Amino acid sequence: MNNSLAVVLIASGVAYGTPLLFAALGELLAERSGVLNLGVEGMMLVGAVMGFWTVERVHVPGGLALALAMLVAALAGTVMASIHAFLVVTLRANQIVSGLALTIFAGAAGLSSYLGNDLNLADLPARHTFGPLLPKALQKLPIVGPVLFGQNILVYLSWVLVVVIGLYLSRTRPGLNVRAVGESPAAADTMGINVTAYRYAHTLAGGALAGVGGATITLALTPQWVSGITGGSGWIAVALVIFAFWRPALCLVGAYFFGALQAVAPELQARSISLGPTVLWTGALPYLMTVLVLVVAASGTARRRLGAPGALGTPYIREAR
Amino acid sequence: MSTVPGQAPAAATPPATMPAVAMKAITKRFPGVVANDRVDFEAAPGEIHALLGENGAGKTTLCQILSGLYRAEEGEISVLGRPVSFASPRDAIDAGVCMVHQHFHLVGRFTVAENLVLGDRRGAGRHFHIRPDAVDSQVRELGERYRLPVDPRAQVWQLSVGEQQRVEILKALYQDARVLVLDEPTAVLTPNEAENLFATLRDIAREGRTVIFISHKLNEVKAVSDRVTVLRAGRNVGTVRTDQATAQSLATMMVGRDFEAPTRAPGERTKGAAMLQISDLWAQSDRGLPALKGVSLQVQAGEIVAVAGVAGNGQRELAETIAGLRAATQGKVQVGGASLKDGDPRAAFAAGVRYIPEDRLGTGVSPNLSVATNLELRSFRDGSVGPFLRLRRMKQAAEQAISRFDIRGAAPGTRAGLLSGGNVQKVVIAREFAGAMKVLVAASPTRGLDVAAVAMVHSYLLEAAANGAAVVLLSEDLGEVMSLNDRIAVMYEGQLSEVQDRQSLEEIAMRMAGSHLPPPGPVAEMLL
């Protein structure tokens, strides 16, 4: 039963969806503060390579190496995000241009590939990987076994994160403040909330989570590094935030849905179920969905109605005259 | 009289020994302008102090300095006797100064309660864990005490502009403001709402708080304030007690010279032929909702019909439909007997329709283009040689227009966006008055303009009528409506009330608020 296509698809949807979930939660934090970060893909790529490098080159016991790798990946994402934050918050540059530039800079033909190739990381199997955390007996339970108990620690961590971010935004003072900064920075500023600090903090946190998302791919999913390993996951994450109406819990649902879409093609192949050229479009499914979501969300009124933060994408200038 | 702490001195007391606000020699410069030039300003506790002046006189800047949004280059401020230096609005709030800006500083998607809790450092918002419901009862209590009823759970974007203003005032009272500054608060209100606001402000002042009230409307200032400080060109012209001033003396202080407002005496016009005929006109708003619901109107040549109403009741859609900028869904507009092509502004212009839009800087002119180009926007094709513009002719035409319409601070090459509001309006008028005008549609043509500029715009409207144009004046300003009309119609929720030759001010005000509707029937009464 646990080998039926449906159960495997759901279980691998969770696994494939976890990097998306991390990146989407990070993007959600940034966007809730009013900063659109299209550099997620680039930040994931840098996180992916730096996390993998840590595991390969730092010789410490497995668990510690993996924890360290996640830390390094988060740090790498943060560094990338700090460039974005400096450009768009301090210098008030166009957020779309800055984000795109970062992704191109870090992308498959840029920084991340250079780092990976220079450090000779390509085609190595990971020395340590994230495996299932819970005892085998639990994993053998029907359906819930593979879906809920067969996952690695990163999956459980992402669940905690969904709850924490959800409560943070809806129930805490800093959460209220960041929502105000994203909706109406002028109002927030008048009430003594430091718009710059909030935007920096949430953009950096978003970068860290994107980095973690990237390393989740190289250390738990594949687990190896090749150039351009994220394969557009960052863009899916950006679409996911819209898809989820800027709510963390819906991010989780959406991430697993997109994850399952990503898992369809390899799973069908593994079972030698040939659908002919259909394989082409099943592989393209998540991207088609992404394009669809982004097209729908491109219109300003649709975005407002879906619940986009009011000041998303607009720099804040106090003495605007 | 000794005052017990917490007990307010009576309203309208003469300036006490310690002023609530004292600003000394405040100077603030913006690139190219001195907004405030060594301004002294004092307001006493328990008074409503009006700050009167033309646009660009520096009223708003002075108050933004007082509320911490701007920093003065020179000068000292003290609040309640203590010298202060504000680096941000927060500092001002902490010192007891709250400002209600013209554009509200509210978070639209938050509830009223959440807006109050935001940035709260003393009450329910102090805790890390926030429950906005905790302030519900407080909001209701404050609302009852100051006659500012608002539902604390309502989301701000769903509220009317008047209600949003109440939330802003509640926010200030929740922060226990000692000094409340309001920047042209009545600009967005119906006459009745304005009356209620004045009553609230008097309540607030009676508690010993200070209300500073920015306005350029003389009748308002006369109605509500205890004292008036007049600013002109960034300087303090003087402070007078309101009961010792007349509207005329205040106007003279504001403008700096004696001046007379042009008005239209009843029966002044000559009867002409029907020039503009609108029959059963329907149109949609930008959101796709019906904005005009069967509007019919006939205006004769040489006649001024004033359409009164609170903004958002379809005036914009009516003006745009006549000007050809908006396609009608039903009905037609005729000029001199010929139907206009629907939704074609060029055809409307060719038929003699001239349009002064309400958004003069966004729709009226293109702010980044030069004055000469803006003057030519309607008629590029008339003077050009094939695709080429005749720049020298354009420049000469612009120079003529600048001198004829007295557009100040402009050369043909000046960017239109750099001009003051009144002069931008002159550019629009100069352009629209070119050619054979048959119909003039003026949408809130004097909104935000100062007394002298208003008089200038009014004189041009009268000139247009005198030259035989049918003039439709859409306005929220009852003074303007009363002084210029031959006939008045009131617009409410997309419908035009019957045009009558004589209506009292009260009746117009009531119709603007929609109270001409038939009384609720038995079913509606049961529901209520």
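By the scheme Lys and Arg +1, Asp and Glu -1, what is the net charge of all other residues having a beta-carbon under 10 Å from that of B:Leu474? Could you put the intermediate results ahead of the total?
Working: positive: B:Arg316; negative: B:Glu358, B:Glu476.
Here the count lands on -1.
For the range A:238-244, take each phi angle, set θ = phi - 60°, evaluate the Karplus expression 6.51 cos²θ - 1.76 cosθ + 1.60, and give the result in whole Hz per residue in order, putting x for glycine and proline.
These are the phi-based 3J(HN,Hα) values: 4, 5, 4, 4, 5, 3, 9 Hz.
Could you tell me the center-to-center distance, by alpha carbons, between the range B:423-498 and the range B:16-65 in angstrom?
Taking the Cα centre of each part, the range B:423-498 and the range B:16-65 sit 32 Å apart.
Determine the shielding of peptide A:174-184 by partner chains: average, over its residues, the number of Cβ atoms on other chains within 10 angstrom of each Cβ. Write out the running numbers ahead of the final one.
Numbers: counts 2, 3, 10, 4, 0, 5, 8, 1, 2, 7, 10.
Mean shielding count: 5.
Sort out for me the Cα centre separation of the range B:340-401 from the range B:75-125, rounded to whole Å.
Cα centroid to Cα centroid, the span is 45 Å.
Please list, in order along the range A:100-106, the HN-Hα scalar couplings obtained from phi with the Karplus expression 6.51 cos²θ - 1.76 cosθ + 1.60 (θ = phi - 60°), rounded to whole Hz, x for Gly and Pro.
4, 4, 5, 5, 5, 4, 8
Among A:Ala197, A:Asn152, A:Ala220, whose Cα lies farthest out toward the positive end of the dipole of the range A:133-231, if unit charges sit on the beta carbon of Lys, Arg (+1) and Asp, Glu (-1)?
Checked the options; the winner is A:Asn152.
Per residue of B:96-109, count partner chain C-beta atoms within 10 Å of its C-beta, then hand back the mean as an integer.
Details: counts 0, 0, 1, 1, 0, 3, 0, 1, 3, 8, 6, 14, 5, 10.
Counting other chains' Cβ atoms within 10 Å and averaging over B:96-109 gives 4.
If R0 is 41 Å, what FRET efficiency do you get for A:Thr314 and B:Gln334 from their C-beta distance, rounded to 0.05? Walk me through the numbers before you get to the answer.
Details: r = 44 Å, r/R0 = 1.07.
So, using R0 = 41 Å, E works out to roughly 0.40.
On a 0 to 90° scale, report how tilted helix A:40-57 is relative to the longest principal axis of chain A, with both axes built from alpha carbons and the result rounded to the nearest 10.
Between the helix axis and the principal axis of chain A, the angle is about 50 degrees.
With the Cα gyration tensor of the range B:299-355 giving a ≥ b ≥ c as the square roots of its eigenvalues, does the rule (a/c under 1.5 for rounded; else a/b larger than b/c for prolate; else oblate) give rounded, prolate or oblate?
Details: a/c = 1.85, a/b = 1.19, b/c = 1.55.
Taking the square roots of the gyration eigenvalues as a ≥ b ≥ c, the range B:299-355 is oblate.
Quick one: B:Trp157, A:Trp53, fewest Cβ neighbours within 10 Å first, how do they rank?
Numbers: B:Trp157 14, A:Trp53 23.
By the 10 Å Cβ count, ascending, the order reads B:Trp157, A:Trp53.
Before anything else, pin down the relative contact order of the range B:177-334: Cα pairs under 8 Å, at least 6 apart, normalised by residue count, whole percent.
Numbers: 204 pairs, mean separation 27.0, N = 158.
Taking the mean separation of contacting Cα pairs over the length of the range B:177-334, I get 17 percent.
Past the 26 Å Cα-Cα mark, which pairs from B:Lys24/B:Lys59; B:Lys59/B:Lys426; B:Lys59/B:Lys171; B:Lys59/B:Lys222; B:Lys171/B:Lys293; B:Lys59/B:Lys395?
Details: B:Lys24/B:Lys59 15 Å; B:Lys59/B:Lys426 23 Å; B:Lys59/B:Lys171 22 Å; B:Lys59/B:Lys222 17 Å; B:Lys171/B:Lys293 38 Å; B:Lys59/B:Lys395 36 Å.
As for pairs spanning more than 26 Å Cα to Cα, those are B:Lys171/B:Lys293; B:Lys59/B:Lys395.
Hey, for a label at B:Arg131 modelled as a point 7 Å past Cα toward Cβ, could you say which residues of the range A:170-190 have their backbone N under 16 Å away?
A:170-173
Could you run the Karplus curve 6.51 cos²θ - 1.76 cosθ + 1.60 with θ = phi - 60° over the range B:282-290 and give me ³J(HN,Hα) per residue in whole Hz, x for Gly and Pro?
10, 7, 9, 7, 4, 7, x, 8, x
Of the chymotrypsin sites (Phe, Trp or Tyr not before Pro) in the range B:76-145, which ones lie in a loop per DSSP and count no more than 16 other C-beta atoms within 10 Å?
On the way: sites: B:Phe86, B:Phe104, B:Phe110, B:Phe128; in loops: B:Phe86, B:Phe104, B:Phe110, B:Phe128.
Filter output for the range B:76-145: B:Phe128.
Rounded, prolate or oblate: which fits the range B:360-416, taking a ≥ b ≥ c as square roots of the Cα gyration tensor eigenvalues, rounded meaning a/c under 1.5, else prolate when a/b beats b/c? Walk me through the numbers on the way to the answer.
On the way: a/c = 2.04, a/b = 1.32, b/c = 1.55.
The shape class here is oblate.
In the protein assembly as shown, what % of DSSP beta bridges are antiparallel (nearest 5)? Before the final figure, lay out each step's value.
Details: 46 of 84 bridges.
If we restrict to bridges inside the protein assembly as shown, about 55 percent are antiparallel.
For a quick check: sort A:Tyr198, B:Tyr146 by the number of other beta carbons within 10 angstrom, fewest at the front.
Values: A:Tyr198 24, B:Tyr146 18.
Sorted ascending by nearby Cβ count, the order is B:Tyr146, A:Tyr198.
Provide Rg over Rh for the protein assembly as shown; use the alpha carbon set for both Rg and the Kirkwood Rh (inverse mean inverse pair distance). Show your work: numbers first, answer last.
Values: Rg = 32.4 Å, Rh = 31.0 Å.
When Rh is taken as the Kirkwood radius, the ratio is 1.04.
Calculate for chain B the 222 nm mean residue ellipticity that helices alone would give, adding -39,500 (n - 2.57) per DSSP H run of length 4 or more and normalising by residue count, nearest 500 deg cm²/dmol.
Numbers: 18 runs with 163 residues, N = 528.
So the calculated ellipticity at 222 nm is -8500 deg cm²/dmol.
Filter the trypsin sites (Lys or Arg not before Pro) in the range A:30-113 down to the DSSP loop ones having no more than 12 other Cβ atoms within 10 Å, then list what survives. If you can, show how the numbers build up before the last one.
Details: sites: A:Arg32, A:Arg57, A:Arg92; in loops: A:Arg92.
Loop-located and lightly packed - A:Arg92.
Apply the a/c threshold of 1.5 to the C-alpha gyration tensor of the range B:132-222 and tell me whether it is rounded, prolate or oblate.
Values: a/c = 2.10, a/b = 1.39, b/c = 1.51.
Verdict is oblate for the range B:132-222.
Residues with beta-carbon under 14 Å from that of B:Thr210, excluding B:Thr210: net charge, scoring Lys, Arg +1 and Asp, Glu -1? Please list the in-between numbers first.
Numbers: positive: B:Arg178, B:Arg202, B:Arg206, B:Arg209, B:Arg227; negative: B:Glu42, B:Glu47, B:Asp176, B:Asp203, B:Glu207, B:Asp226.
Net charge around B:Thr210: -1.
How high is the relative contact order of the range A:135-259, in percent, with contacts defined as C-alpha pairs under 8 Å that are six or more residues apart? Before the final figure, lay out each step's value.
On the way: 63 pairs, mean separation 22.9, N = 125.
Dividing the mean separation by the residue count of the range A:135-259 yields 18 percent.
Based solely on its DSSP helices, what 222 nm [θ] is calculated for chain A when runs of n ≥ 4 H residues each add -39,500 (n - 2.57) and the sum is averaged over all residues, nearest 500 deg cm²/dmol? It would help to have the intermediate numbers written out before the result.
On the way: 14 runs with 214 residues, N = 321.
Calculated from helices alone, the mean residue ellipticity at 222 nm is -22000 deg cm²/dmol.
Averaged across A:186-199, how many Cβ atoms of other chains sit within 10 Å of each residue's Cβ atom?
Numbers: counts 8, 13, 4, 6, 16, 16, 12, 3, 2, 0, 0, 0, 0, 0.
The mean count of partner-chain Cβ atoms within 10 Å per residue comes to 6.
Normalised by the residues of chain A, what does the relative contact order come to in percent, with Cα pairs under 8 Å and at least six apart? Let's see the in-between values first.
Details: 606 pairs, mean separation 116.9, N = 321.
36 percent.
Using only Cα atoms, find the angle between the long axis of helix B:451-466 and the longest principal axis of chain B, and express it within 0 to 90 degrees, rounded to the nearest 10.
The angle comes out near 20 degrees.
Exposure proxy check: A:Asp189, B:Asp344 ranked by fewest other beta carbons within 10 Å? Kindly include the intermediate steps, with their values, before the conclusion.
Numbers: A:Asp189 22, B:Asp344 14.
Sorted ascending by nearby Cβ count, the order is B:Asp344, A:Asp189.
Which GluC sites (Glu not before Pro) does the range B:67-112 hold that lie in a coil by DSSP with at most 14 other beta carbons within 10 Å?
Numbers: sites: B:Glu73, B:Glu74, B:Glu76; in loops: B:Glu73.
Listed in order of number, the matching sites are B:Glu73.
Can you give the angle from 0 to 90° between the axis of helix B:421-432 and the longest principal axis of chain B, with both taken from C-alpha atoms, to the nearest 10?
Tilt relative to chain B: about 10 degrees.
Readers should treat all values here as calculations from the given coordinates under stated rules, not as data from a laboratory. Treat the numbers as computed from the prediction; the structure is a model and nothing was measured. A quick note on method: Cβ atoms are made from the backbone with ideal geometry, for glycine too, and the neighbour counts reach across all protein chains shown.
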